Amino acid sequence: MSVATQDTAIRTGRVSRTLIYLVLLLFALFYMLPLYVMVVNSVKPLDEITGGGMMNLPQAFTLDPWAKAWSSAQIGVDPTGLKPYFWNSIKMVVPAVAISTVLGALNGYVLTKWRFRGDTILFGLMLFACFIPFQIVLIPMARMLGLMGLAGTTWGLVLVHVVYGIGFTTLYFRNYYAVFPTELVRAAQIDGAGFFQIFWRILLPSSGPIAVVSIIWQFTNIWNDFLFGASFAGADSQPMTVALNNLVQSSTGVKEYNVHFAGAILAALPTLLVYIVAGRYFVRGLMAGSVKG
Amino acid sequence: MGFLDIDNTTKSYGAVEVLHKVDISVEKGEFLVLVGPSGCGKSTLLNMIAGLEEISSGEIRIKDQVMNGVHPSKRNIAMVFQSYALYPNMTVGQNITFGLEMHGIPKPERDKAMKEVAELLQIEQLLDRKPGALSGGQRQRVAMGRALVRDPDVFLFDEPLSNLDAKLRVDMRTEIKKLHQKLGTTIVYVTHDQIEAMTLSTRIAVMYGGYVQQLGTPQEIYDSPANIFVATFMGSPAMNVVPAKVAMDAGKPVAVVALHDGTTTSLPFSQYNMAAWNGRDIMLGIRPETITDEDAADRNSANIAHMTNRIVVTEPAGSDTFVTMTLGGKDVIARMRSDADVRPGADFPFAVNMEKAVAFDPETEMRIVP
Ligand SMILES: Nc1ncnc2c1ncn2[C@@H]1O[C@H](COP(=O)(O)OP(=O)(O)OP(=O)(O)O)[C@@H](O)[C@H]1O
Ligand SMILES: [Mg+2]
């Protein structure tokens, strides 16, 4: 593998290499452009934007739009800023990610190491859950949440996201554990470890990469979700995405684009952060299982 | 009743029966080897003893306790797996003591047991390493340590040496044998390597197609194979089995075998009452080492037959030279001294130790018992 790469690297001429880098640079710039626009406009006074020149660097640098978006912008009826909604999102995302990941791991463990009659059919059905469009379940879900007394609460949202995420997390862990040697489980059985001890002491310590995949995937999806948040959240459980929408859509007064930009970046920051911290493992975890060893 | 009884045990997966009425009784301190080609059901039987596979019918008993349905950890057995199955996230020391911990044995005792086993297997310096940082031979030792530390009634080994290179395999084989002699434990050992089976065992069960073909000491299996499968499976190079016809020569039964040029030679039987087979076809089994040059013929044998046959191929192998000839229309291998004067294409006078020859019924493939 490394020999082959070296070989092609040597043969590729300097001209074509420059060309490749040029094209790559162009693509990189193209992809970075929106971020650039967002960042520069979030640190300008409003008149610099409305006067045209979206692409210009700020003449008068200011962090006021950020402060305003965070703590005093008009959202809906109250001038609270995005802060309370940010915490709403955190309170929803953390338990939802944790619960769906743990359940996915348990499902994967059972589906691969404690096979039972009909387990492949069950897994197939769970996979099917990954492909059900959100819109279809909105009304039945609203009814269910109402019946359970969870309508309009953070825990209601947690439940919705756990149910929706479990298909994906199960898929990840099942495929990961499928190549995990069954002999290890058998050895542990002979050693006297029980169902949860085997899971806890043998499987989980080796599940780092796939757990990271599951966490990033779930975190990104749940944090970015708008539809469920808009449909099922109550006034004091609305997540960040819904609040951001309300901020941008609010019709009173002038449109403060700089504040909107700052708010949008604030809403995107956590997912960005998670990816930067754990991104390396994400790629590694996705590759695991495809290559043996 | 033995120490470990496998009593009329069968195993089915759905409608398919993969083990048929296996009946083996193992005494305390015995080293039983289950040997057979791939897919014959060795691992399945071992896993049934371990409790990792259910028993479809029949009974397995250890120390007269029925084990059917008893959880693996409650059978007081230990198992060494082919892949070693060391827990990758634990150190060698933790690997060895995990079973004790699960059985609720306090830490000081666990550490003491670990020290003893580590000393026995000479792995003291590895105790803090993870399995990933060990060589194949070291992993093998740790896996055995994990089994030994529990002081179980029965040790189960599933092809423990098949992942090692040839030299290390021979070393570890000796080591396992030493360990067995020193500790006197009861062992059931699965392998598809017939040399491992011969060297390690006190008794061998040769398996094929879900049946135990023969159960006996290595010597019994080698000298008196129950059928053609056992005869050709055990021994390397394999026993020569050639078609022959029984005839009477001066009132004594002989095997008439075709030589390379279509002429025949008569090899007199000794230990068989073969007169009853007069005029009938049989399969004659001759081990390679019983065909020699005249000088090397076994002096203790009362029945050395002589034949001159053409040498087709010679294969010097250091200590021996393997000579191929055509006998009864088949390639037959003779194991000669390396200094025997053999050349391909030459006619050579062979001595055949007919005391060691066996005869098989060509229909049933069973050995014709004298
Ligand atoms: N879960 C299963 N379902 C159906 N058949 C099975 C199952 N497990 C094993 N078998 C069959 O049982 C037979 C015996 O398998 P086993 O693993 O005991 O063979 P083995 O003698 O250990 O072979 P090897 O030397 O290759 O390990 C094989 O024919 C195999 O196909
Ligand atoms: Mg096997």
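The values are calculated or read from the model by the stated rules, or taken from the named source; none is laboratory data. All of these numbers come straight from a predicted model, not from anything done at the bench. We place every Cβ from the backbone using ideal geometry, glycine too, and count neighbours over all the protein chains shown. Areas reflect the complete protein model, heavy atoms only, side chains present, ligands, DNA and RNA absent. Shrake-Rupley method; radii C 1.70, N 1.55, O 1.52, S 1.80 Å.
Between their Cα atoms, which of B:LYS63/B:LYS167; B:LYS11/B:LYS63; B:LYS178/B:LYS356; B:LYS115/B:LYS182 are more than 28 Å away from each other? All intermediate terms of the calculation are to be shown ahead of the outcome.
Working: B:LYS63/B:LYS167 37 Å; B:LYS11/B:LYS63 22 Å; B:LYS178/B:LYS356 31 Å; B:LYS115/B:LYS182 18 Å.
Where the Cα-Cα span goes over 28 Å, the pairs concerned are B:LYS63/B:LYS167; B:LYS178/B:LYS356.
Expressed as a rounded percentage, what relative contact order does chain B have, with Cα pairs under 8 Å and six or more residues apart? Intermediate values should be presented prior to the final figure.
Working: 773 pairs, mean separation 54.7, N = 370.
This gives 15 percent for chain B.
Would you mind putting B:109-120, A:229-240 in packing order, based on average other-beta-carbon counts within 10 Å, highest first?
Values: B:109-120: 16.2, A:229-240: 19.8.
Taking the mean over residues of other Cβ atoms within 10 Å, the ranking is A:229-240, B:109-120.
Residue by residue through A:109-120, how many Cβ atoms from other chains fall within 10 Å of the Cβ on average? The partial results should precede the final answer.
Details: counts 0, 0, 0, 0, 0, 0, 0, 0, 0, 0, 0, 0.
Mean inter-chain Cβ contacts per residue within 10 Å come to 0.
Pairs B:LYS74/B:LYS177; B:LYS74/B:LYS107; A:LYS91/A:LYS113: which are spaced more than 30 Å apart, C-alpha to C-alpha?
A:LYS91/A:LYS113
Leaving out ligands, DNA and RNA, and with a 1.4 Å probe, what % of the accessible surface on chain B is carbon or sulfur? Write out the running numbers ahead of the final one.
Details: 7870 of 16200 Å².
Within chain B, the accessible surface is 49 percent carbon and sulfur.
I'd like the Karplus ³J(HN,Hα) series for the stretch B:250-265: coefficients 6.51, -1.76, 1.60, θ = phi - 60°, whole numbers in Hz, and an x wherever there's a Gly or Pro.
Karplus values, whole Hz, x for Gly and Pro: 6, x, 10, x, 10, 9, 9, 10, 7, 8, 5, 9, x, 6, 10, 10.
Please get the size of the charge dipole for chain A, origin at its Cα centre, with Cβ charges of +1 on Lys and Arg and -1 on Asp and Glu, quoted in debye to the nearest 20.
Values: 18 positive and 11 negative charges, 189 e Å.
Dipole size: approximately 900 debye.
Determine the sum of side-chain charges near A:ALA69: Lys and Arg each +1, Asp and Glu each -1, restricted to other residues whose C-beta is under 15 angstrom from that of A:ALA69. Present the calculation step by step, with values, prior to reporting the outcome.
Working: positive: A:LYS44, A:LYS68, A:LYS83, A:LYS255; negative: A:ASP64, A:ASP78, A:GLU256.
Cβ neighbours under 15 Å give a net charge of +1.
Go through A:ALA129, A:LEU147, A:ALA193 and say which Cα lies farthest out towards the positive end of the charge dipole of the stretch A:83-288; charges sit on Cβ, +1 for Lys and Arg, -1 for Asp and Glu.
It is A:ALA193, whose Cα lies furthest towards the positive end.
Using a Förster radius of 56 Å, what is the FRET efficiency between B:SER338 and B:LYS107 based on their Cβ-Cβ separation? Nearest 0.05, please. Don't skip to the answer; put the middle values down first.
Details: r = 59 Å, r/R0 = 1.06.
My answer for the efficiency is 0.40.
Any chance you could look up the accessible area of A:THR50 with a 1.4 Å probe, heavy atoms only, rounded to 10 Å²?
90
Other chains near A:173-186: what is the mean number of their Cβ atoms within 10 Å of each residue's Cβ? Walk me through the numbers before you get to the answer.
Numbers: counts 0, 0, 0, 0, 0, 0, 0, 1, 5, 4, 9, 7, 2, 10.
If you average over the peptide's residues, the count of other-chain Cβ atoms is 3.
Let me have the relative contact order for the stretch B:200-260, percent, based on Cα pairs under 8 Å that are six or more residues apart.
On the way: 65 pairs, mean separation 10.8, N = 61.
Across the stretch B:200-260, relative contact order equals 18 percent.
Enter the accessible area per residue of the stretch A:14-69 (Å², integer; probe 1.4 Å; all protein chains in place).
Details: 4250 Å² over 56 residues.
Solvent-accessible surface per residue comes out at 76 Å².
Summing Lys, Arg as +1 and Asp, Glu as -1, what charge do residues with Cβ under 13 Å from the Cβ of B:MET283 carry, B:MET283 excluded?
Values: positive: B:LYS245, B:ARG280, B:LYS330, B:ARG367; negative: B:ASP281, B:ASP361, B:GLU363, B:GLU365.
Taking every Cβ under 13 Å from that of B:MET283, the sum is 0.
Among DSSP beta bridges whose residues both lie in the protein assembly as shown, state the antiparallel percentage, nearest 5. Working shown, then result.
Values: 64 of 84 bridges.
DSSP beta bridges in the protein assembly as shown are roughly 75 percent antiparallel.
In terms of Cα to Cα distance under 18 Å, which aspartates and glutamates are near enough to B:LYS28, apart from those fewer than 8 places away along the same chain?
B:ASP5, B:ASP7, B:ASP64, B:ASP151, B:ASP153
Computed FRET efficiency, Cβ-Cβ of A:ILE121 and A:ALA142, R0 22 Å: what is it to the nearest 0.05?
Numbers: r = 29 Å, r/R0 = 1.33.
Given R0 = 22 Å and the Cβ-Cβ separation, E is 0.15.
Once amide H atoms are built 1.01 Å from N in the peptide plane, which residues 5 or more positions from B:LYS28, or in another chain, come under 5 Å H to H?
B:PHE3
Please name which of A:ALA233, A:TRP114, A:THR50 has its Cα lying farthest along the dipole of chain A towards the positive end, using unit charges on Cβ (Lys, Arg +1; Asp, Glu -1) and the Cα centre as origin.
Checking the options against the dipole of chain A, the answer is A:TRP114.
How many angstrom lie between the Cα centre of the stretch A:34-89 and the Cα centre of the stretch B:25-71?
73
Can you tell me how much longer the chain between B:ASP361 and B:SER56 gets when fully stretched, taken as 0.36 nm per residue apart minus their C-alpha distance, in nm with one decimal?
Numbers: separation 305, 0.36 × 305 = 109.80 nm, distance 3.36 nm.
Gain on extension, B:ASP361 to B:SER56, equals 106.4 nm.
What list of whole percents do you get for P(r) of the stretch A:83-288, with Cα-Cα distances grouped in 5 Å bins up to the one holding the largest distance?
In whole percents, the pair-distance histogram is 1, 7, 13, 16, 17, 14, 12, 9, 5, 3, 2, 1, 0, 0, 0.
Take the solvent-accessible surface of the protein heavy atoms, probe 1.4 Å, and return the percent of it on the stretch A:14-69 that carbon and sulfur atoms account for.
Values: 3230 of 4250 Å².
Of the solvent-accessible surface of the stretch A:14-69, carbon and sulfur hold 76 percent.
Can you give the accessible area per residue of the stretch B:291-370, in Å², using a 1.4 Å probe?
On the way: 4130 Å² over 80 residues.
I get 52 Å² per residue for the stretch B:291-370.
Running a GNM on chain A with Cα contacts under 10 Å, which residue among A:ILE139, A:ILE190, A:ILE210 ends up with the highest mean-square fluctuation?
A:ILE190
Between B:ASP223 and A:VAL179, how high is the FRET efficiency from 1/(1 + (r/R0)^6) when r is the Cβ-Cβ distance and R₀ = 41 Å? Nearest 0.05. List each step's numbers first, then the result.
Numbers: r = 46 Å, r/R0 = 1.13.
Approximately 0.30, to the nearest 0.05.
Tell me, what ³J(HN,Hα) does each residue in the stretch A:185-191 have, in order and in whole Hz, if you take phi through Karplus 6.51 cos²θ - 1.76 cosθ + 1.60 with θ = phi - 60° and put x for Gly and Pro?
Result, ordered by residue: 5, 5, 4, 5, 4, 5, 5 Hz.
Among residues other than B:TYR208 whose Cβ falls under 12 Å from its Cβ, what is the net charge (Lys/Arg +1, Asp/Glu -1)? It would help to have the intermediate numbers written out before the result.
Values: positive: B:LYS42; negative: B:GLU365.
Taking every other residue near B:TYR208 into account, the sum is 0.
What's the average, rounded to a whole number, of partner chain beta-carbon atoms within 10 Å of each residue's beta-carbon in B:99-107? Please report the intermediate quantities before stating the final value.
On the way: counts 6, 2, 5, 10, 3, 1, 0, 0, 0.
If you average over the peptide's residues, the count of other-chain Cβ atoms is 3.
For the interface of chains B and A, what total accessible area is buried with a 1.4 Å probe, rounded to the nearest 100 Å²? Before the final figure, lay out the partial values.
Numbers: alone 17010 and 17510 Å², together 32770 Å².
That pair of chains buries around 1800 Å² in total.
Below 8 Å, C-alpha to C-alpha, sequence gap of six or more: please give me the relative contact order for the stretch A:14-69 in percent.
Reported as a whole number, the value is 31 percent.
Do the sum for chain A: with -39,500 (n - 2.57) for every DSSP H run of n ≥ 4, divided by all residues, what is the mean residue ellipticity at 222 nm, to the nearest 500 deg cm²/dmol? Working shown, then result.
Values: 13 runs with 207 residues, N = 293.
Theoretical 222 nm ellipticity from helices: -23500 deg cm²/dmol.
Once every DSSP H run of n ≥ 4 in chain B is given -39500 (n - 2.57) and the sum is divided by its residues, what mean residue ellipticity at 222 nm do you get, rounded to the nearest 500 deg cm²/dmol?
Values: 8 runs with 85 residues, N = 370.
-7000 deg cm²/dmol, from helical runs alone.
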